[in-house]
Amino acid sequence: MDEVDNIIIHSLRQIGCNIEPDILSLSSFTPELLVETVSMCLHLIKPSMNVPKKLPPGMAQRFTVTASLAEACTSIGFRGDIGYQTFLYSNVTEVRRVFMFLIERLPKESEKMVLAQPLDKLTLLENELQQNIRIQLSSPWIPQYCMKSGIRKYNSSYPILSGECTPFQPCINLNIPNSLRKSNIPDKQQDYWHKRSPSVFQQTNSQTILSSIIHKNDVASNSSDFNLDPEELMKSIITKNLGAKRPSSAVDSSKKLNEINHVDTSSSSSSSSIADKTKSIQQQSSSGQLDGNTQEVLNSEIGKLKSAMDELLTSRKKILADITSIKEARTKQEEANKELRNERKIRERTCILLENPEENVKKMDMVLAATKERMNKLMEQWKSHKDPLVKTLEKSKSKNSSSFEKNRVIQNEIKVVRDKISEIVDDLKHKNNLHAQLTTELQKVDNKISRNAYTTRILEIVGNIRKQKNDIDKVLRDTRELQKEINNINGQLDRQFTVTDDLLYKTARRDEHSKKIYKLLATLHSDCSDLVTLVQETGAVLREMRDVEDQIENEKSRNIAKNLEKITSDLKEMEKDSKNLQDKIRQIENEITQG
């Protein structure tokens with residue numbers, strides 16, 4: 001039973017009992033240690049139970065404490081023989097029985113963890129992050145040419161991309177609003193860009209998003225000057241020309257002058273003058289001989305160009321304002337013309353009617369009568385069509401109302417089912433997180449004791465018990481068969497004796513030999529019955545002897561001598577305590593009498 005003792009001691013240490021490493025079996029448990037471990041188990045099984053945790057030094061207090069522990073064990077459901085003697089004068093088998101019962105009644109580890117550590121959303125998120133980081137750190141790095149499309153499994157369930165060389169295939173028609181900060185954009189367009197325009201992720205896929213954004217950024221950086229206002233464009237071109245350390249080539253200057261020419265093409269006369277001046281600047285820049293005088297000339301010409309540009313812009317604004325006012329006046333005039341045309345048509349018709357009033361009145365009466373008849377026919381037709389339509393409409397309304405109620409009931413059921421599904425999903429996530437946390441903690445715990453040896457030993461014990469059970473069943477079957485044979489033989493003997501007794505009794509009246517035979521038969525029958533009773537009595541005596549031997553062995557295993565020594569020492573201590581108490585009582589009585 002050493003393996004069982006080791007399992008019990010290991011489980012007690014896991015609970016938190018202070019058991020020294022030298023203790024390897026239950027026989028080395030002291031009464032103090034027994035009381036501490038049993039009280040710890042009882043507290044874990046039933047926390048509301050008030051149980052003493054330590055054994056006091058006084059003998060009377062020890063008896064009360066151990067008796068209360070025994071009562072607590074019986075209240076939990078222990079059916080064996082337990083009392084103060086199991087703790088003070090312990091027997092290994094009884095102690096083992098008590099500990100096996102208490103360890104079976106201990107709460108499970110998962111329940112303790114759930115009760116001890118209530119998890120909130122923050123802790124669950126932290127645990128999930130820790131788990132993901134741990135999995136990513138534990139997974140080895142694999143080069144992309146060894147992977148299939150750069151994909152590998154993550155936590156045996158979710159695939160992730162670990163890196164892949166993708167080709168540069170940009171999406172050329174990528175639409176990104178680049179002027180949201182400008183104030184001249186209407187609100188509807190800004191609202192569309194903010195809410196309804198497709199995002200970059202919707203316009204591309206995972207393989208082309210990076211190349212598309214790089215391409216769009218490069219194109220936007222090169223073509224940023226075309227989105228500027230004319231004044232800003234002029235300033236940028238002038239600063240680029242003046243800030244250059246060496247004269248630019250004829251091609252660059254021609255490009256920038258072409259940009260200047262594209263600013264405004266509204267007035268041909270002003271643009272031609274500006275073009276002439278820019279041609280002179282181009283000729284001077286292409287010559288490559290820019291000294292201080294030429295720079296001053298250029299600055300003066302640039303100032304003139306600026307003033308001319310300002311005048312042109314102001315005139316352009318005035319012209320645009322005039323155009324808008326003219327357009328508004330034109331629309332108003334068109335509306336007035338429409339009204340006048342309608343009035344003219346009405347007046348023409350009235351004039352035509354006033355030329356022949358009697359004939360026209362008759363014609364109007366005829367038209368009115370025809371229209372009335374037509375209206376009556378149409379009303380009759382409408383009624384004929386309306387009645388079946390109204391009936392069908394009422395039927396459809398009733399059907400729709402019933403179907404609407406059914407749909408409402410179904411919608412409510414769907415809502416309830418969705419709420420249940422969401423609750424189940426949350427519970428499942430919570431349990432998955434708990435499972436992951438418990439698995440990590442289980443991996444951290446050092447499994448010092450190998451359970452395989454214990455399980456093999458337990459299986460061996462179970463096998464031996466089964467063998468013993470089979471042997472006992474075989475013995476019982478043999479005894480039953482023997483009992484049946486004995487009963488059959490007894491019945492045969494009784495029947496044979498009665499038959500022979502009847503025959504001999506009939507012949508004994510006539511013959512003396514038959515009388516002797518009858519007497520011998522009676523003596524033989526009595527002797528056989530005496531032998532049977534003696535055999536039965538010897539069997540009963542043998543059974544009693546075996547029971548007594550078993551009791552003797554049990555008493556030997558209880559260490560009666562040691563227990564008697566303990567009891568005598570406890571009695572001596574009790575006598576000393578009683579003497580001390582009597583002396584104290586006498587002293588108090590003397591003090592009272594003297595006082």
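The values are calculated or read from the model by the stated rules, or taken from the named source; none is laboratory data. Nothing here was measured: the structure is a model prediction, and the numbers come from that model. When we count neighbours, we look across all protein chains shown, and the Cβ atoms used for this are built from the backbone with ideal geometry, even at glycine.
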TODO: Within the stretch 18-74, track down each residue that is touching a Lys or Arg at 6+ places or on another chain (Cβ under 9 Å), of a type in the set (A, V, I, L, M) and part of a loop (DSSP other than H, G, I, E, B).
DONE: 19, 55
TODO: Could you give me the residue pairs with C-beta distances under 8 Å whose first residue belongs to the stretch 122-139 and is of a type in the set (Asp, Glu), whose second residue is at pLDDT 80 or above and surrounded by 13 or more Cβ atoms within 10 Å (Cβ to Cβ) wherever it lies, and which are 6+ apart or on separate chains?
DONE: 128/433; 128/436
Task: Among residues of the stretch 486-512, those that are exposed (fewer than 11 other Cβ atoms within 10 Å of the Cβ) and among the small types (Gly, Ala, Ser), counted - done: 1
- [ ] From 534, 503, 542, 521, grab the single residue that is in contact (Cβ under 8 Å) with a residue 24 or more places away in the chain and out of contact with any Pro (no Cβ under 6 Å at 6 or more places or on another chain).
- [x] 521
Task: Members of the stretch 48-96 found to be buried (at least 16 other Cβ atoms within 10 Å of the Cβ) and under 42 Å from the mean Cα position of the chain (by Cα), listed by number - done: 51, 52, 72, 73, 78, 96
Task: Test result for residue 441, touching a helix residue (DSSP H, G or I) at 6+ places or on another chain (Cβ under 9 Å), modelled with pLDDT under 80 and of a type outside the set (A, V, I, L, M, F, W, C) - done: yes
Open item on the list: Regarding the stretch 449-459, can at least one residue be identified that is in contact (Cβ under 8 Å) with a residue 40 or more places away in the chain and not in a helix (DSSP H, G or I)?
Closed with: yes
